[in-house]
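Here is the structure we will look at.
The values are calculated or read from the model by the stated rules, or taken from the named source; none is laboratory data. Just so it is clear, the structure is predicted and the values come from calculations on it, not from any experiment. A quick note on method: Cβ atoms are made from the backbone with ideal geometry, for glycine too, and the neighbour counts reach across all protein chains shown. Surface accessibility is based on the protein's heavy atoms, side chains included, excluding ligands, DNA and RNA. Shrake-Rupley method; radii C 1.70, N 1.55, O 1.52, S 1.80 Å.
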Amino acid sequence: MLRARIVIDKERISGKIDRRIYGSFIEHLGRAVYGGIYEPGHPEADEHGFRRDVLELIKELDTPIVRYPGGNFVSAFKWEDSVGPAAQRPKRLDIVWHALEPNEIGVNEFAEWAKKANTEAMMVLNLGSRGIDAARNLLEYCNHPSGTYWSDLRISHGVKKPHDFKVWGLGNEMDGPWQVGQKTAGEYGRLANEVGKAMKLFDPSLELVACGSSNRNMPMYPQWEATVLDLCYDQVDYISLHSYYGNEDDDLPTYLAQSIGMDEFIRGAVSACDFIRAKKRSRKTVNISFDEWNVWFHSKVEDNDGVPWTVGPNQLEDIYTFEDALVVGCLLITLLKHADRVKIACLAQLVNVIAPIMTENNGPAWRQTIFFPFMHASKFGRGVTLDIPVKSPVYDNKEYGDVPYLESVVTYDEENGQITIFAVNRSQKEPLLLECDLRSLSAFKIIEHIILRHEDIKATNSKENPENVVPYPGSDVKIENSMLTARLPELSWNVIRIGII
Ligand code: AHR
């Protein structure tokens, strides 16, 4: 059996966890909105057409912020189309995803849905085909109480109280050649600065997210971050990162190590932020909004090429396996390890489109494998992260070098007197004996050990078999003196919860 050791000292705080690190994303794409969160006529639909069964699953995930309405979609979105009397809203061609956009769900409906889902909306602005005026008008429409053209228009649309959206994304993936209105770093940085300025003139307490690189392989990363921030540093609060991971080569050891790539990506972006802070002699810190991350490789964008223009086509409907859940677990641990600088993160996406929740039109909704690590982190990963020295055996990987078998992070929730260890055993062959030195705790008890594991790494959940891959309680955690030992099965996601007495 492999052996690894960590030391838990609750005084050694490495970062304060912003709960928005457990955010998610709903884009007007595929069946995320139409057939996902919204399906009037479905037996579970409420008076607004929102699926109650989907809302219940989202509440289980307890996601505090949901990014909307895109994604690539937003770069050609005309927000004015999405408000006002439903019968008068224009149908548009969504040229980005090759779909028909009926505009049945728009800004006000999404705000209503967000309330029902106990979440906050993170609104993304179109800085692809549009600019300052469309952005500031939308802000006034959404956030101003009354007495102006745009706020009174909202009231005339039946929404008396302003939405008071606090977090705004300044465009989406503006470095991407696939984006409508792609920009150079210089063009985008200037625009982000001017839009940011106009937004903050309206309300300086808004939190603004500038677009960082669409992924770590973009040719301009991290120069893009440095150039953009040099131009808009004073106006923005976060730089966004996006990244998707996959196992195209069916090479599990490399796939499981991809969280190391995420770690390096974050470190690079943080360095760019701090380089600009130093350059400007600024006391302000720009943090990271990792507002698109997930496993995405089972489906392809091209899958939809040439299909007729329809509302809510099947797009990007990845069916996740057990091994994908392990990778999502490693990615969550990585985000938590950077809790000092990653303040917002959005699992992309939430329903049907590369999502933890799947639905069938006019049928049931169920949890995909990746649902569980996300739910555990969101429920139990609260408070602060602790700096834990880790001693773990490693395996050699051609791409990532020495990869520790144990991937782990520890959180401490002082308010509830709880410590949680999140751990993945990357070994395919052997269980791992985890020894935790709890020397800083005088009295404690094990609350529970939760394990997610399946004999078949390609196992999935489905409509027919929705509970094929589900967590189960572990029974192999012991405490002797101040040493906790737990057996982590080979290829497993583990949550060990400790109560401080
Ligand atoms: O999440 C799917 C797409 O991936 C988003 O629309 C885009 O921002 C990214 O490239």
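Show which lysines lie in cross-link reach of Lys197 when reach means a straight Cα distance below 17 angstrom and same-chain residues fewer than eight apart are skipped. Hits, sequence-local ones excluded: Lys166, Lys284.
Can you tell me what share of the DSSP beta bridges in the range 307-450 is antiparallel? A percent to the nearest 5 is fine. Intermediate values should be presented prior to the final figure.
Numbers: 18 of 19 bridges.
Taking every DSSP beta bridge within the range 307-450, about 95 percent pair in antiparallel fashion.
The HN-Hα couplings worked out from phi for the range 451-460 by the Karplus form 6.51 cos²θ - 1.76 cosθ + 1.60 (θ = phi - 60°) are 10, 10, 7, 8, 4, 9, 5, 9, 5, 10 Hz, whole numbers, x standing for Gly and Pro.
Angle of helix 371-380 to the longest C-alpha principal axis of the chain, folded into 0 to 90 degrees and rounded to 10: 80°.
Other residues whose C-beta falls under 11 angstrom from the C-beta of Asn172 contribute a net charge of -4, scoring Lys and Arg +1 and Asp and Glu -1. With Rh defined as the Kirkwood radius, the inverse of the mean 1/r over Cα pairs, the Rg/Rh of the chain is 0.97. Surface composition of the range 1-160: carbon and sulfur make up 50 percent of the accessible area, probe 1.4 Å. Each of His98, Ala486, Asn137 was scored by the projection of its Cα onto the charge dipole of the chain, and the greatest displacement toward the positive side belongs to Asn137; charges sit on the C-beta of Lys, Arg, Asp and Glu.
Rounded to the nearest 20, the Cβ-based charge dipole of the range 140-285 about its Cα centre (Lys and Arg +1, Asp and Glu -1) stands at 880 debye.
Across the range 252-265, rounded Karplus estimates of 3J(HN,Hα) from the backbone phi angles (6.51 cos²θ - 1.76 cosθ + 1.60, θ = phi - 60°) give 4, x, 6, 4, 5, 8, 5, 5, 5, x, 5, 4, 5, 4 Hz, Gly and Pro being marked x. Which of the lysines could be linked to Lys458 by a straight reach, that is with a Cα gap under 18 Å, when you skip same-chain ones fewer than 8 residues away? Excluding near neighbours in sequence, the set is Lys429. Could you please state, rounded to a whole Å, how far the C-alpha centre of the range 291-353 is from the C-alpha centre of the range 156-206? Their Cα centres are 23 Å away from one another. If one takes the longest principal axis of the Cα atoms in the chain, at what angle in degrees, from 0 to 90 and to the nearest 10, does the Cα axis of helix 322-337 lie? So the inclination is approximately 80 degrees. When the charge dipole of the chain is built from unit charges on Cβ atoms (+1 for Lys and Arg, -1 for Asp and Glu) and taken about the Cα centre, the candidate among Phe50, Val209, Thr63 whose Cα reaches farthest toward its positive end is Val209.
Rolling a 1.4 angstrom probe over the protein heavy atoms, how many square angstrom per residue are accessible across the range 18-380?
Values: 12520 Å² over 363 residues.
Accessible surface, normalised per residue, equals 34 Å².
Determine the dipole magnitude for the chain: charges of +1 sit on the beta-carbon of Lys and Arg, -1 on that of Asp and Glu, nothing else is charged, the reference point is the Cα centre, and the result goes in debye to the nearest 20. Before the final figure, lay out each step's value.
On the way: 55 positive and 71 negative charges, 329 e Å.
That gives the chain a dipole magnitude of about 1580 debye.
List the residues whose amide H sits under 5 Å from the amide H of Val295, counting only those 5 or more places along or on another chain, with H placed 1.01 Å from N in the peptide plane. Answer set, sorted by chain and number: Tyr245.
Helix 107-116 and the longest principal axis of the C-alpha atoms of the chain enclose an angle of approximately 30°. If only the Cβ of Lys and Arg carry +1 and only the Cβ of Asp and Glu carry -1, the dipole of the range 199-331 around its Cα centre is close to 1140 debye.
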